[in-house]
Amino acid sequence: MIATATKEFRQRFNREPIIISSPGRINLIGEHTDYNEGFVLPAAIDKRIIYAIALNGTDTCNAYAMFSGESASFSLHNIEPGGDWINYLKGVVYHLQQKGHEVKGFDCVITGDIPIGAGMSSSAAVEGGLAVALDHLLGFNLTRMEMARIGQLAEHTFPGVKCGIMDQFANLHGRKDSVMLLDCRSLDYQYFPFSFSSEVKVVLVNSMVHHSLASSEYNVRRAQCEEGVKILQQVYPSANSLRDLTSAQVQQQQHLLPAKVYDRCLYVTQENERVEKACAHLQRNELKEAGALMFASHEGLSKLYEVSCPELDFLAQLASQRPEVAGARMMGGGFGGCTINLVETGKVDAFCEFVQEQFRQRYGVSPEIYITSIEDGAKVELAVEAVA
Ligand code: GLA
């Protein structure tokens, strides 16, 4: 991919680019907890967006996306939301400017192998990759967390998804063979070696249903959680977010909450409790126990949080029938995308064949399957001198 992007860049722009690689992410457990100030357990993976990019000495940003064959440009002055993938680039540049950084015009070619709309956060990879590129080219000296914040703000104000920080965080902080426990309130994080990596593979199965978080359901969930907190503050005045409440407290106050709001709050508080338990199990190498919490997470996402879909439920259920699967659940925002499955190494082929056959019989399409590895976060792969 690097060679293809470099070649395309040279042909289009007639000079040498630098290369940035910017990964997608998985999340073992802790879904829809990030914007509730809770915990998540993500990692960066070997699916990535590649940027070939260089400054162009003008006030215009020009981009060519190899995955869609489209070019798009925007001026550095008065950046307005709009467009498809280019909207993420605009958002990053705009928020860099808002923070007082003097962005200069650039040319770039973007390619990659993160499936779009599959819950691996291709959008955070596009945002993080550009932030790393501009930081490198223009010497902003941003911290990784500052870049993650800029990506998150871009997402809020350009495509309009009120996302948490997990995706941008994972994209920019990933470390090979480690998962990260992030406290989304304090932004403290810890790396855990993913010591099972020889025992299990992280297998993503694509439901082939393309989700669209921007299509408002994501923002509705967030609003329902906030509504729940407001109501529960009558009883627990010091609770600032669902992070401050236990699932038992939510259950005790069920009578105060509208039915859907209750379900959402119960799910989030239970999921936070599951993340903490899962971490304890992972540290003790208790894979089965951690896996059982992943299945429980899926159940909650499907029944209480209602962000699953029949195809994802079917995939999670198939996985639960297989002894080689320690745990599985839908991953990411939901309404489509992938399940994440921890599958015993050596039995991965059998698992994939089983799932593909069953899914094809039920839905008439073969799901794509990605056997992933845990890799470093977004980085400069080649600085300009090395490209030639
Ligand atoms: C999307 C968002 C994240 C997070 C997940 C659900 O990926 O971008 O911030 O909320 O959904 O866990």
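The values are calculated or read from the model by the stated rules, or taken from the named source; none is laboratory data. Treat the numbers as computed from the prediction; the structure is a model and nothing was measured. When we count neighbours, we look across all protein chains shown, and the Cβ atoms used for this are built from the backbone with ideal geometry, even at glycine. Note: areas computed on protein heavy atoms with side chains; ligands, DNA, RNA excluded. Shrake-Rupley method; radii C 1.70, N 1.55, O 1.52, S 1.80 Å.
List of remarks:
- Contact order normalised by residue count of the range 216-272, Cα under 8 Å, 6+ apart, percent: 40
- For the pair Ser195 and Asp349, the difference between a 0.36 nm per residue extended length and the Cα-Cα distance amounts to 53.3 nm.
- Membrane-span-like helices in the chain, defined here as complete DSSP H runs extending at least 27 Å along the helix axis by their C-alpha atoms with mean Kyte-Doolittle hydropathy no lower than -1.0, are 259-283; this is a sequence and geometry rule, not a statement about a membrane.
- Euclidean distance of C-alpha centroids, the range 15-31 and the range 33-71, integer Å: 7
- Solvent-accessible area per residue for the chain (1.4 angstrom probe, square angstrom): 39
- Per-residue [θ]222 nm for the chain (sum of -39500 (n - 2.57) over DSSP H runs n ≥ 4, rounded to 500): -13000 deg cm²/dmol
- Neighbourhood net charge (9 Å Cβ-Cβ; Lys/Arg +1, Asp/Glu -1) for Ala316: -1
- Counting only protein heavy atoms and a probe of 1.4 Å, the accessible surface of the chain is 48% carbon and sulfur.
- Given a 1.4 Å probe and the protein chains as shown, Lys260 ends up with an accessible area of around 100 Å².
- Amide H within-cut-off set for Val200, under 5 Å, with H built and near neighbours excluded: Thr345
- Only Cα pairs under 8 Å and 6+ residues apart enter the sum, and on that basis the relative contact order of the range 118-209 stands at 24 percent.
- Estimated at the nearest 10 Å², the accessible area of Lys379 is 70 Å² with a 1.4 Å probe.
- Amide H to amide H distances under 5 Å link Glu381 with Ile19, Ile20, Ser21, where only residues 5 or more positions off or on other chains count and H is placed in the peptide plane.
- Ranked by how many other beta carbons lie within 10 Å on average, peptides 7-14, 46-53, 110-117 from highest: 46-53, 110-117, 7-14
- The range 102-155: C-alpha gyration tensor shape, a/c 1.5 cut-off, then a/b vs b/c: oblate
- Accessible surface of Met180 - all protein chains present, 1.4 Å probe, nearest 10 Å²: 0
- Within the range 46-201, the proportion of C-alpha pairs whose separation exceeds 24 Å stands at 32%.
- Convex hull projection area averaged over all views, the chain, Cα basis, nm²: 19.3
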